[in-house]
Amino acid sequence: MIEFADNAPRWQQIADVLRARIADGTYPPDTRVPSLVQLTAEFGVASVTAQKALRHLREEGDTYTVQGLGSFVSRRA
């Protein structure tokens, strides 16, 4: 688990961690990012918090979702 700062929402901090992992190549384009279950376990947050982080990344264009398969890194990220 990470240490959360008090000055930003947890979902935003999770999205920032995932975005950094995308930028450093931990999650290359077209690879799956951790599932909702994996994120809740890794960060110790409620599923709604992890879901909001994933939704934010999708809305920003960093990831895309394939129904039934999960979220994947966009090529533009």
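Neighbours of V45 by Cβ distance under 10 Å: Lys/Arg scored +1, Asp/Glu scored -1, total +1. Residues in segment 43-53 carry Karplus couplings, in order, of 9, x, 10, 5, 4, 5, 5, 5, 4, 5, 5 Hz; the curve used is 6.51 cos²θ - 1.76 cosθ + 1.60 with θ = phi - 60°, and Gly or Pro positions show x.
A cut-off of 5 Å between modelled amide H atoms, ignoring neighbours fewer than 5 places along the same chain, links Y27 with I22. Converting phi to 3J(HN,Hα) with the Karplus coefficients 6.51, -1.76 and 1.60 and the offset θ = phi - 60°, segment 22-29 yields 5, 5, 8, x, 4, 10, x, x Hz in sequence order, with x at every glycine or proline. Summarised in one figure, the compactness ratio Rg/Rh of segment 10-73, Cα atoms and Kirkwood Rh, is 0.92.
In this structure, R32 and F4 have a Cβ-Cβ separation that, at R0 = 25 Å, corresponds to a calculated FRET efficiency of about 0.55. Its relative contact order, with pairs defined as Cα atoms under 8 Å and 6+ residues apart, puts segment 10-73 at 41 percent.
About its Cα centre, the dipole of the chain is roughly 260 debye, where the only charges are +1 on Lys and Arg Cβ and -1 on Asp and Glu Cβ. Along the chain, the exposed loop sites are trypsin sites (Lys or Arg not before Pro) outside DSSP states H, G, I, E and B with at most 15 other Cβ atoms within 10 Å, and the longest stretch free of them is 1-74. Evaluating 6.51 cos²θ - 1.76 cosθ + 1.60 at θ = phi - 60° for every residue in segment 31-39, the Karplus couplings come out as 9, 6, 8, x, 6, 4, 4, 5, 5 Hz, glycine and proline recorded as x.
Laboratory data are not the source of any read-out in this text; all were calculated from the coordinates shown. Being a predicted model, the structure only gives us computed values, none of them experimental. When we count neighbours, we look across all protein chains shown, and the Cβ atoms used for this are built from the backbone with ideal geometry, even at glycine.
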